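Presented below is the structure to which this report refers.
The values are calculated or read from the model by the stated rules, or taken from the named source; none is laboratory data. Everything numeric in this text was worked out from a predicted model, so none of it was measured. Please note: Cβ atoms are built from the backbone with ideal geometry, for glycine as well, and neighbour counts cover all protein chains shown. These accessible areas exclude ligands, DNA and RNA; they are computed on the full protein's heavy atoms, side chains included. Shrake-Rupley method; radii C 1.70, N 1.55, O 1.52, S 1.80 Å.
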Amino acid sequence: FVRAALSIVQTYLELHDKPAGAGEAEADPELEGLSEAEVQKILRKRRKAERRAEAEKAEEEAKAKEKGKKGPEQKKKPGHKEDADPDGEELAKTEKPLEDAQKFVSLLQEHAGQMLETQ
């Protein structure tokens, strides 16, 4: 628990320093030094490839259902909950990362106050 909470606090501090969505083009080293038109062209190609991959996945699932095979949704355990945000994009959109980090810091100080990392 302590290592996970420390990682969460570190992530929230990084979000405070560099907020999520502050600019995709600046964060991607492949796009550095390119003109605006070239950046837009590359981003368009990426979006098109993502849409194509999603369409292929949907087509494969449809074929699997037609053949009566178990699809990815049917293989899951009955009590398993689907993660609505597997990449944590919604968590990264927090407006107050320092306040969110403080919640974990207070828990760490309460339960693992003797550790140097939590001081």
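Considering GLU30, GLU60, GLU66, the condition of being closer than 26 Å to GLU14 by Cβ, open to solvent by 100 Å² or more (accessible area, probe 1.4 Å) and in a helix (DSSP H, G or I) is satisfied by GLU30 alone. Can we say ASP17 is modelled with pLDDT of 80 or more and out of contact with any strand residue (DSSP E or B) (no Cβ under 7 Å at 6 or more places or on another chain)? Yes, satisfied.
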